[in-house]
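Colleague: Take a look at this one; I'll ask things after.
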Amino acid sequence: MATNRTPQWHSIAKLPLIVHHIDGMLAADTEQYQSLQKARSQPHVLDNHTVNRVIQVFNDQQKDFWVFDEQLSRWKAEPQLTEPQRREIERTIGQMKRLRELNSSILALADELKEGTIGWPSKRSWLRAISN
């Protein structure tokens, strides 16, 4: 969840931990996107609460991306990095780019799906209701 606290910046020794966290978020988000894709053809299987929760979680996640970007940027600027550390930072910067794109795709898909979930009137039924 997004917070307003000042982040604690870590030494390069924490690189494996941060990399593991980012890779884990990307894997979990990929799984979530695949699940939402399956629901695309039958959005009625989802309810309002579920879709709203997806939107909330992924909006919160998006708000925290800057912390990871800044940490990676700080490490990248360190002059004493080993070549393996430099490569891993570059790879992880790419992972963050993919994570950001996937997050946006999930939010767009969730927004699309909410039109057909249980409890959300479809645009068609809403238009029918107001035209009568």
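Only the coordinates and a few stated rules stand behind these numbers; no lab work does. From a predicted model like this one, the values you see are computed outputs, not experimental measurements. Don't worry about glycine lacking a Cβ; one is built from the backbone with ideal geometry, like all the others, and counts go over all protein chains shown.
Colleague: In nm, to one decimal, how far is the D60 label point from the R100 one, both placed 7 Å along Cα→Cβ?
Modeller: Placing both labels 7 Å along Cα→Cβ, they lie 2.2 nm apart.
Colleague: Simple spin-label model, 7 Å along Cα-to-Cβ: R87 to A28 in nm?
Modeller: If labels sit at R87 and A28, their model points lie 2.9 nm apart.
Colleague: What lysines sit close enough to K38 to cross-link, taking a C-alpha to C-alpha distance under 30 Å and skipping anything fewer than 8 places away on the same chain?
Modeller: Straight-line reach from K38, under 30 Å: K63, K97, K114, K123.
Colleague: Let me ask you something else. Would you compute the Debye intensity of the range 13-131 from its alpha-carbon atoms alone, equal scatterers and no solvent, and pass along log10 I(q)/I(0) at q = 0.14, 0.17, 0.20 Å⁻¹ to two decimals?
Modeller: For the range 13-131, the Cα-only Debye profile gives -0.66, -0.84, -1.02.
Colleague: Further, regarding this structure: Could you name the aspartates and glutamates whose alpha carbon sits less than 17 Å from that of K14, not counting residues in the same chain fewer than 8 places away?
Modeller: Partners found: D23, D69, E70, E78, E83, E88, E90.
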